[in-house]
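Have a look at the structure below before the remarks.
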Amino acid sequence: MYRTIGAALDDAALMWGAREALVCPHQGVRWTWQELKARAEEMAAGLLALGLEPGDRVGIWSPNKAEWVLTQFATAYAGLVLVNINPAYRLAELEYALNKVGCKALVLADTFKSSDYVAMVRDLAPEIDKSQPEGLEAARLPHLRHVIVIADEAPPGFLPFARIATGGTDQARDRVQALKTELQPEDPINIQFTSGTTGSPKGATLTHHNILNNGYFVGEAQRFTEEDRLCIPVPLYH
């Protein structure tokens with residue numbers, strides 16, 4: 001299988017457009033393949049409208065949510081590299097991960113269990129309270145420019161997820177369509193950190209080709225068909 005993740009989603013929407021692609025019971029979300037495609041394209045345009053460029057790193061720090069899946073496909077459409085961040089990370093680990101790969105944007109949940117993600121970002125980047133949402137400048141996170149929170153309301157300096165998910169411009173939408181012929185299967189699209197058992201976590205870079213073929217051959221080995229449904233209780237970040 002030699003194509004991009006975006007091309008695979010386009011094909012799935014063409015073949016199974018009205019069938020369910022994603023179900024998140026705890027959020028009451030049910031999206032068809034066509035809905036997932038349309039939402040991912042629009043969010044890709046929203047990310048590009050922020051000034052992000054193909055190849056830029058976008059971190060995601062969240063437990064499993066529909067927005068996690070949407071961000072994964074949106075970054076793939078936009079040619080952005082999604083950086084998976086362990087939801088259990090504390091301040092030092094988060095700072096290390098964001099700076100190690102130079103994340104320009106971070107998508108995060110507002111809270112998870114006992115962790116207040118918004119407060120933790122404020123601890124690392126107190127400048128955010130007085131910054132414009134489109135242009136953070138923080139001493140400890142020198143690469144980070146945009147912090148996008150998955151919440152109904154965004155605190156000062158943060159961008160609401162819904163605004164990015166629906167905030168594409170016509171120019172950015174055209175760019176998303178143009179990228180469908182420009183992006184290549186060997187382009188990097190994901191960075192996953194190792195566990196750090198023998199040292200600091202290392203960022204492993206994966207391509208469209210890596211991810212699609214891993215999923216394809218696992219499905220083939222388990223004899224999945226288009227009629228099957230797959231339950232994913234494990235964390236999406238790894």
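The values are calculated or read from the model by the stated rules, or taken from the named source; none is laboratory data. Just so it is clear, the model here is predicted, and its values are computed rather than measured. Positions of Cβ are generated from backbone atoms using ideal geometry, with glycine treated the same way; all protein chains shown enter the neighbour counts.
Please verify whether the range 42-50 includes one or more residues that are exposed (fewer than 14 other Cβ atoms within 10 Å of the Cβ), touching a helix residue (DSSP H, G or I) at 6+ places or on another chain (Cβ under 9 Å) and either in a helix (DSSP H, G or I) or hydrophobic (A, V, I, L, M, F, W, C) (or both). No, the range 42-50 contains no residue that is exposed (fewer than 14 other Cβ atoms within 10 Å of the Cβ), touching a helix residue (DSSP H, G or I) at 6+ places or on another chain (Cβ under 9 Å) and either in a helix (DSSP H, G or I) or hydrophobic (A, V, I, L, M, F, W, C) (or both). In summary, strands (runs of 3 or more DSSP E) completely within the range 135-218 and bearing 1 or more residues that are surrounded by fewer than 20 Cβ atoms within 10 Å (Cβ to Cβ) occur at 188-193, 203-207.
Filter the range 32-41 down to residues that are closer than 20 Å to GLY168 by Cα and either of a type in the set (A, V, I, L, M, F, W, C) or part of a loop (DSSP other than H, G, I, E, B) (or both), then give me how many there are. Before you say what the answer is, go through the steps one by one.
Pass one, the range 32-41, residues closer than 20 Å to GLY168 by Cα: 34-41.
Checking the rest, the ones that are also either of a type in the set (A, V, I, L, M, F, W, C) or part of a loop (DSSP other than H, G, I, E, B) (or both) come to 36, 38, 40.
So the answer is 3.
Any residue in the range 120-132 that's closer than 16 Å to ALA88 by Cα: show its pairings with residues that are modelled with pLDDT under 95 and of a type in the set (Asp, Glu) at Cβ separation under 8 Å, as long as the two are six or more apart or on different chains. Pairs that qualify, where the first residue is closer than 16 Å to ALA88 by Cα and the partner is modelled with pLDDT under 95 and of a type in the set (Asp, Glu): there are none.
Selection over the range 1-30 of residues that are in contact (Cβ under 8 Å) with a residue 12 or more places away in the chain and either in a loop (DSSP other than H, G, I, E, B) or touching an Asp or Glu at 6+ places or on another chain (Cβ under 7 Å) (or both) gives a count of 8.
Does LEU106 meet the test of being touching a His at 6+ places or on another chain (Cβ under 8 Å), in contact (Cβ under 8 Å) with a residue 40 or more places away in the chain, under 17 Å from ARG140 (Cα atoms) and part of a strand (DSSP E or B)? The answer is yes for LEU106.
On the basis of being touching a Gly at 6+ places or on another chain (Cβ under 9 Å), touching a residue at least 24 places away in the same chain (Cβ under 8 Å) and buried (at least 16 other Cβ atoms within 10 Å of the Cβ), does GLY59 make the cut?
Details: touching a Gly at 6+ places or on another chain (Cβ under 9 Å): no; touching a residue at least 24 places away in the same chain (Cβ under 8 Å): yes; buried (at least 16 other Cβ atoms within 10 Å of the Cβ): yes.
No.
Of all the criteria given as (1) within 15 Å of the chain's Cα centre (by Cα); (2) in contact (Cβ under 8 Å) with a residue 40 or more places away in the chain, the one not satisfied by GLY51 is (1).
If the condition is being touching a helix residue (DSSP H, G or I) at 6+ places or on another chain (Cβ under 6 Å) and under 12 Å from GLU67 (Cα atoms), then the range 23-41 contributes CYS24, GLN27, VAL29, ARG39, ALA40. Checked against the criterion of being assigned to a strand (DSSP E or B) and not polar (S, T, N, Q), the range 61-78 contains one or more residues that satisfy it.
Once the range 31-41 is narrowed to residues that are free of Cβ contacts under 8 Å to residues at least 40 places away in the same chain and out of contact with any Gly (no Cβ under 6 Å at 6 or more places or on another chain), the residue that is surrounded by the most Cβ atoms within 10 Å (Cβ to Cβ) is ALA40.
Please verify whether VAL58 is of a type outside the set (Phe, Trp, Tyr), outside any helix (DSSP H, G or I), modelled with pLDDT of 95 or more and more than 23 Å from ALA105 (Cβ to Cβ), treating the condition exactly as stated. Reasoning before the result, please.
Working: of a type outside the set (Phe, Trp, Tyr): yes; outside any helix (DSSP H, G or I): yes; modelled with pLDDT of 95 or more: yes; more than 23 Å from ALA105 (Cβ to Cβ): no.
The answer is no for VAL58.
Those residues that are in a loop (DSSP other than H, G, I, E, B) and surrounded by 15 or more Cβ atoms within 10 Å (Cβ to Cβ), I need them from the range 120-134; list them, please. Steps first, answer last, please.
Of the residues in the range 120-134, the ones in a loop (DSSP other than H, G, I, E, B) are 125, 131-134.
ALA125, SER131, PRO133, listed by residue number.
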